[in-house]
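So the structure is just underneath, and the comments pick up after that.
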């Protein structure tokens, strides 16, 4: 997927409605997970990414600052994110518990 033509989300768009369910892509455009849910708003927004697994089974939830991901809309208006972390790096992070 060529992200160069996608429209970046503005800070006020970083909310639960827009981000929940967004696919997260890592380096080399690898699908590494999806946003399970969101905590906070604005600059302090945290997203919980379910990493790995299949259909929600065996995935690991990790929390990261939304500002560390590049959220954007593609040509079909779907929100997704790009990050510099690999799937293994996210799996090595502490598990998030609500």
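Details
- Residues of the stretch 76-93 that turn out to be outside any helix (DSSP H, G or I) and either under 15 Å from residue 47 (Cβ atoms) or in contact with a helix residue (DSSP H, G or I) (Cβ under 7 Å, 6 or more places away or on another chain) (or both), as a count: 9
- Within the stretch 1-15, considering residues that are part of a helix (DSSP H, G or I) and modelled with pLDDT under 85, the one surrounded by the most Cβ atoms within 10 Å (Cβ to Cβ): 3
- Restricting the stretch 52-72 to residues that are out of contact with any helix residue (DSSP H, G or I) (no Cβ under 9 Å at 6 or more places or on another chain) and not in a loop (DSSP other than H, G, I, E, B) leaves a set whose member that is modelled with the lowest pLDDT is 54.
The values are calculated or read from the model by the stated rules, or taken from the named source; none is laboratory data. Bear in mind that the values here come from a model prediction, so they are computed numbers and not experimental data. As a convention, Cβ positions derive from the backbone with ideal geometry for all residues, glycine included, and neighbour counts pool all protein chains shown.
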